[in-house]
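The values are calculated or read from the model by the stated rules, or taken from the named source; none is laboratory data. Computed from a predicted structure; not experimentally measured. Counting neighbours? That spans all protein chains shown, and the Cβs are built from the backbone with ideal geometry, glycine included.
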Amino acid sequence: MKNLRTFVMALTVGALPLAATAADSQKIEYSAEGRLIPPENYRQWVFLTSSLDLNYNAPVPGAPPSDHSQLDNVFVDPAAYDVFVKTGTWPDKTIMVKENRDTASAGSISKSGKYQTAVVSLEFHVKDEAKFPGKWGFFGNGGSGPARFFPTTASCYSCHGDHGAVDTTFVQFYPAIAIGRSRLRG
C-alpha cells in the first residue's frame with residue numbers, strides 16, 4: 001500500500017509542472033468589444049513554420065499567375081508548445097499567430113529570390129474552451145490593433161476541422177513537430 005501511495009504521489013508531483021505550464025500559457029486578452037488584443041512579444045515565441053504563397057483556394061482556370069508573393073510565419077506561445085510536445089495536445093489558452101508578410105525580390109545585395117518585408121495582416125488561432133463552443137476561435141487584423149473575431153461560419157473553421165492533423169491545427173505543416181511526432185510513433 002505504501003508503494004502504491006508513493007507511486008501515486010510521484011505521478012501527481014510529476015504532473016504538477018505540466019499543469020502549471022499549461023496554466024502559465026500566454027494570457028489571452030480581449031477588448032471590451034470582444035476583439036483579441038495581439039500579444040506584443042509573439043515574434044519571440046516558438047517558430048513553427050514559414051510558407052511561400054500558401055493558398056487554400058483552387059486556382060481559377062485561365063487566370064494569369066500572380067506576380068506578387070506573400071510569405072507567412074507561424075508562432076505559438078512557448079508554454080503551450082512545451083505542453084504539446086509532452087502530451088500531443090494543445091492546452092487551453094494556446095495562441096497561434098500567423099503573420100502574413102509582403103515580399104520583395106530586389107534590394108540591397110539581393111540578386112534573386114524573395115525575402116519578407118512589411119506585415120500585411122495577422123491571424124490568430126486561439127484555444128479558449130470557456131469562450132468558444134468548438135474550443136477554438138479565429139481572429140484577424142490588418143497587421144496591428146485588436147483583431148476581430150471570425151464567426152463560426154467562416155471557412156477557416158471547417159477547413160481546420162477537416163484538414164487539421166491534431167486538434168484543428170496543421171501540425172503536419174510544422175516540420176519540427178511533424179518530425180518529432182513521427183519519431184514518437186516509430
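Structural remarks
- Yes/no for Asp53 being over 25 Å from Ala118 (Cα atoms) and modelled with pLDDT of 70 or more: no
- Each residue in the range 69-97 was checked for being among the basic types (Lys, Arg) and crowded, with 19+ Cβ neighbours inside 10 Å, and 1 pass.
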